[in-house]
């Protein structure tokens, strides 16, 4: 049902799915997927439509305030994991272990910027989760100018966060978010 609904949403809105990963996104059974740039609530809807149309086995992090009844039941059933951002926790370790120890394919979607508002720095959790899980990072995107969404590439972290982050961000320079003024990459050189 979700695949049919997703296909309909994408077709009616004129969006196209693009997958330029080396082996195709479904051939990375365990991975951390970043979703960037993240500047609008619409990002969630188009991302989920793409995910469900393709049939990717996803889990995703979302702020805990979204998990109130009745919306919380839906979000959780669609792969959502509640995160209380005001508390210190072992989220990176827990998510890394969840992926690493899963007997089934799992791709964890993490918004690299951590917010829809402008933020000069990306959150590093996605990177450290991938290191802990010993998985690649899939570079998911939505380009509102081209009405394309999907997967730019697969990045294998080296352990040098600062260097790797520059390489990851470079791959997003030609992607236009819904609200370019909120794009964390607008000042990236």
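Where a number appears in this text, it was derived from the coordinates with a stated rule and is not lab data. Everything numeric here is computed off the predicted structure, so don't read it as measured data. Because the Cβ atoms are built from the backbone with ideal geometry, glycine has one as well, and the counts that use them run over all protein chains shown.
Set the Förster distance to 45 Å, then compute FRET efficiency between residue 181 and residue 103 from the Cβ-Cβ distance, nearest 0.05. List each step's numbers first, then the result.
On the way: r = 44 Å, r/R0 = 0.97.
Taking R0 as 45 Å, the efficiency between residue 181 and residue 103 is 0.55.
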With P(r) over Cα pairs in 10 Å bins from 0, in percent defined as stated, name the option among (1) 9, 38, 41, 12, 0; (2) 8, 32, 32, 20, 7, 1; (3) 10, 37, 35, 15, 4, 0 computed from the structure displayed. (1)
Most fluctuating residue of 126, 67, 151 in a GNM of the chain with Cα springs under 10 Å: which is it? 67
Among 105, 157, 70, which one shows the highest mean-square fluctuation when the chain is modelled as a Gaussian network with alpha-carbon springs under 10 Å? 70
In nm, to one decimal, how far is the residue 74 label point from the residue 90 one, both placed 7 Å along Cα→Cβ? 3.4 nm
Quickly work out the residue 63-to-residue 145 label distance, labels modelled 7 Å from Cα along the C-beta direction, and quote it in nm with one decimal. 2.9 nm
Mark the label point 7 Å from the Cα of residue 11 along Cα→Cβ and return the residues of the stretch 25-63 whose backbone N is within less than 18 Å of it. 46, 49-55
Going by how many other Cβ atoms sit within 10 Å of their own, how do 54, 138, 166 line up, fewest first? 166, 54, 138
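Treat the count of other C-beta atoms within 10 Å as a stand-in for reagent exposure and order 33, 1 from fewest to most. It would help to have the intermediate numbers written out before the result.
Details: 33 27, 1 6.
In order of increasing Cβ crowding within 10 Å: 1, 33.
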Provide the FRET efficiency to the nearest 0.05 for the residue 1-residue 171 pair, computing r from the beta carbons and using R0 = 30 Å. 0.35
For 8, 78, 139, what's the fewest-to-most ordering of other Cβ within 10 Å of each Cβ? 8, 78, 139
Using alpha carbon centroids, what distance separates the stretch 119-189 and the stretch 50-112, in Å? 18 Å
Classify the stretch 10-50: rounded, prolate or oblate, from the alpha-carbon gyration tensor (a ≥ b ≥ c, eigenvalue square roots; a/c under 1.5 rounded; otherwise prolate if a/b is larger than b/c)? oblate
For every helix of n ≥ 4 consecutive DSSP H residues, a contribution of -39,500 (n - 2.57) applies; sum these over the chain, divide by its total residues, and give [θ] at 222 nm rounded to the nearest 500 deg cm²/dmol. -9500 deg cm²/dmol
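Fully extended, how many nm does the chain gain between residue 82 and residue 45 (0.36 nm per residue separation, minus their Cα-Cα distance)? Don't jump to the answer; show the numbers that get you there.
Values: separation 37, 0.36 × 37 = 13.32 nm, distance 1.77 nm.
Using 0.36 nm per residue and subtracting the Cα-Cα distance, I get 11.6 nm.
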